[in-house]
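Worksheet: one structure, shown below.
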Amino acid sequence: MEKFIKYDQGKPNIAILFDTPLALAEVARVMDYGAKKYNRKNWALVKNKEQYESASLRHQMSYHNGEYLDSESDLEHMAHSITSQLFLLELRLREKQNEHTKTSKN
């Protein structure tokens, strides 16, 4: 009988995200709300990323002040904040990837 071999050392354990299913579902609800309001992937067209920084902080401040649900969406402020942070991180990583691609082509 042959032994199973899989070379995935050094790769992220993406499944670990499922340790937080409730939080992930709430972030997905926020993203779905935004997709319906603005169109899916509209977030990636932002020119001034400070808008996401400000949005994240506004939601964090509301949470800090004891307001847990956003009055417009009726979804968790922290999920809104995390969504903005995810957008910022995704944009940064895409920029980094593009820089790496440009450098490796030269």
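Once the 1.4 Å probe is applied to the protein heavy atoms, the chain comes out at 85 Å² accessible per residue.
Note: relative contact order over the chain, using C-alpha pairs below 8 Å and six or more positions apart, is 26 percent. Protein heavy-atom surface of the chain, 1.4 angstrom probe: 56% of the accessible area is carbon and sulfur, with nucleic acids and ligands not counted. In angstrom, the C-alpha Rg and Dmax of the chain are 18.0, 61.
Between Glu95 and Leu22, the simple spin-label model (points 7 angstrom out along Cα→Cβ) gives 3.5 nm.
Taking each DSSP H run with n ≥ 4 as -39500 (n - 2.57) and averaging over every residue of the chain yields -20000 deg cm²/dmol at 222 nm. Sequence neighbours fewer than 8 away in the same chain don't count; with that in mind, list the lysines whose C-alpha is under 29 Å from Lys102. Straight-distance partners of Lys102: Lys11, Lys41, Lys47, Lys49. Summing +1 for each Lys or Arg and -1 for each Asp or Glu among the other residues whose beta-carbon sits under 14 angstrom from that of His100 gives +3. Assuming R0 = 30 Å, what is the FRET efficiency of Leu86 and Asp8, from their Cβ-Cβ distance, to the nearest 0.05? It comes to 0.80.
Within straight-line reach of Lys36, meaning a Cα separation under 12 Å, there are no aspartates and glutamates at least 8 residues removed in sequence or on another chain.
Within a straight-line Cα-Cα reach of under 16 Å, Lys105 can be paired with the following lysines, leaving aside sequence neighbours fewer than 8 residues apart in one chain: Lys96.
The values are calculated or read from the model by the stated rules, or taken from the named source; none is laboratory data. Since the model is a prediction, treat every value here as computed from it, not as a measurement. Backbone-built Cβ (ideal geometry, glycine too); neighbour counts: all protein chains shown. Ligands, DNA and RNA are stripped out before the accessible areas are found, and what is left, the full protein with its side chains, is counted by its heavy atoms. Shrake-Rupley method; radii C 1.70, N 1.55, O 1.52, S 1.80 Å.
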